[in-house]
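For reference, the structure is listed below as structure tokens.
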């Protein structure tokens with residue numbers, strides 16, 4: 001709570017500064033959206049499109065003294081949902097699928113809440129304030145983020161002028177094609193969210209396992225791994241160790257970010273069954289690249305083009321101890 | 001009142017069959033037409049009820065009520081369907097293979113109401129059509145496993161991604177929106 005208070009204060013301070021340029025206006029809109037998304041109570045229904053497929057989902061977000069509670073649930077097809085409560089994430093997926101819980105140690109909003117990031121971001125992205133339009137019965141401001149190279153995706157946001165909430169977003173690939181779209185068909189800000197709106201659907205329980213953070217080390221600790229060819233603008237943001245599956249084996253997790261796009265690198269002991277998992281895979285705008293090393297399996301994953309995750313995966317090497 | 005064109009179009013949109021410009025036009029129409037938006041919402045209630053995905057504790061009689069209502073409004077349940085995009089793409093292979101019966105199994109598996117054909121690349125779908133049933137089941141299981149294996153990584157990544165900072169829980173749509181094992 002204290003962290004979120006400080007964060008809100010920092011953002012408010014930043015918003016109070018006079019803005020002179022269009023790109024600063026754009027970043028002020030994005031800061032406002034980031035703040036609204038985390039601090040308001042709201043219920044919305046949206047459509048999500050990727051790979052030519054469309055899904056309808058509902059989003060519920062509530063904030064109280066204990067922190068944020070969010071529930072994302074599919075309205076079409078079998079019951080699938082994600083509940084994020086006070087920093088713990090639980091995924092309820094169809095039967096026989098694992099339910100994943102995680103205990104992150106950083107506040108939501110990482111690492112975007114520092115205005116200093118914008119200076120750095122302006123070297124690799126252009127920020128634009130575009131037209132206003134109506135959607136879900138509200139006035140929306142279109143903000144575009146356009147990358148200056150092909151190593152990251154572009155983003156379009158339509159932000160509600162009244163509440164600052166996100167009404168529509170698009171992810172644009174390196175060829176200028178929209179690859180993922182999300183748009184609210186209704187979105188209401190409420191004083192309070194009924195408790196039952198945040199409960200998981202009965203009957204959707206399946207297997208359960210928890211991933212507890214074993215240890216967290218910050219980026220100033222000596223790194224055992226080195227990425228020889230890190231794409232321009234990306235820096236190591238965080239390094240941590242945790243378990244990722246039920247067997248309690250520690251996974252090393254490195255997070256690289258250019259301030260807007262993030263790439264995770266997971267390093268874990270190689271298993272006999274890993275042969276089939278090597279190579280590239282994709283989920284919406286998320287690309288993953290798995291590389292098998294003699295002792296380890298390296299999985300690189302992020303909302304960036306395949307070339308970017310591959311470049312990181314191919315150039316990572318273990319430092320001499 | 002909705003005309004038949006709209007009805008067919010809305011059903012195609014809900015089933016994720018519209019792409020590119022068509023999809024964009026569809027969304028623009030939804031955005032600007034409150035009546036269409038209301039129909040869109042009812043369509044989902046109807047579809048989920050028919051496929052029994054509704055929580056019956058919440059709406060115990062809804063399924064029956066809707067089924068009864070549908071008898072007076074059969075076009076919503078059985079709209080004239082445009083050919084599915086993926087079907088067009090694999091049609092040639094399917095016809096050639098249909099004598100073996102394998103193609104029919106392939107199509108039924110991929111053509112269920114809630115199937116997710118686009119989760120499987122077209123080349124892979126064509127590969128499935130050439131397989132024996134047991135081979136087919138094994139191959140599909142493997143593809144699903146590989147794709148599902150990303151979920152724990154995605155959860156861990158999302159918690160630290162800058163996108164989660166500005167969009168909250170929304171990056172999780174990639175997990176919720178992924179219909180595994182179908």
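The values are calculated or read from the model by the stated rules, or taken from the named source; none is laboratory data. For clarity, every value in this text was computed on a predicted model and none was experimentally measured. Here the Cβ positions follow ideal geometry from the backbone for every residue, glycine too, while neighbour counts run over all protein chains shown.
Checking residue A:116 against (1) facing chain B (nearest Cβ under 9 Å); (2) modelled with pLDDT under 75, only one condition comes out false. Which one?
If we test residue A:116 against (1) facing chain B (nearest Cβ under 9 Å); (2) modelled with pLDDT under 75, just (1) comes out false.
Out of A:63, A:82, report the one residue that is modelled with pLDDT of 75 or more, more than 10 Å from every other protein chain (Cβ to nearest Cβ) and not in a loop (DSSP other than H, G, I, E, B).
A:63 is the lone residue from the list that is modelled with pLDDT of 75 or more, more than 10 Å from every other protein chain (Cβ to nearest Cβ) and not in a loop (DSSP other than H, G, I, E, B).
Just for strands (runs of 3 or more DSSP E) wholly inside the stretch A:160-213: which have at least 1 residues that are within 12 Å of chain B (Cβ to nearest Cβ) and at pLDDT 90 or above?
In the stretch A:160-213, the matching strands (runs of 3 or more DSSP E) lie at A:166-172, A:178-189.
Scan the stretch A:40-56 residue by residue and report those that are in a strand (DSSP E or B) and in contact with a helix residue (DSSP H, G or I) (Cβ under 6 Å, 6 or more places away or on another chain).
A:48, A:53, A:56 - these are the residues of the stretch A:40-56 that are in a strand (DSSP E or B) and in contact with a helix residue (DSSP H, G or I) (Cβ under 6 Å, 6 or more places away or on another chain).
Return yes or no: is residue A:40 at pLDDT 90 or above, closer than 23 Å to residue A:166 by Cα and within 16 Å of the chain's Cα centre (by Cα)?
no
Return the total of residues in the stretch B:158-182 being more than 7 Å from chain A (Cβ to nearest Cβ) and modelled with pLDDT under 70.
So the answer is 1.
Check residue A:71 against each of (1) more than 7 Å from chain B (Cβ to nearest Cβ); (2) modelled with pLDDT under 80 and name the one condition it does not meet.
(2)
For residues that are farther than 28 Å from residue A:120 by Cα and either within 11 Å of another protein chain (Cβ to nearest Cβ) or in contact with a helix residue (DSSP H, G or I) (Cβ under 7 Å, 6 or more places away or on another chain) (or both), tally how many sit in the stretch A:239-282.
Here the count works out to 16.
How about the stretch B:1-58: which of its residues are at pLDDT 75 or above and part of a loop (DSSP other than H, G, I, E, B)?
B:33
Can you tell me which of (1) assigned to a loop (DSSP other than H, G, I, E, B); (2) within 17 Å of the chain's Cα centre (by Cα) is the one residue A:72 doesn't meet?
If we test residue A:72 against (1) assigned to a loop (DSSP other than H, G, I, E, B); (2) within 17 Å of the chain's Cα centre (by Cα), just (1) comes out false.
How do the pairs read when you match residues in the stretch A:225-237 that are under 22 Å from residue A:268 (Cβ atoms) and within 14 Å of chain B (Cβ to nearest Cβ) with residues anywhere that are assigned to a loop (DSSP other than H, G, I, E, B) and modelled with pLDDT under 90, using Cβ under 6 Å and keeping only pairs 6 or more apart or on different chains?
A:234/A:258; A:236/A:219; A:237/A:111
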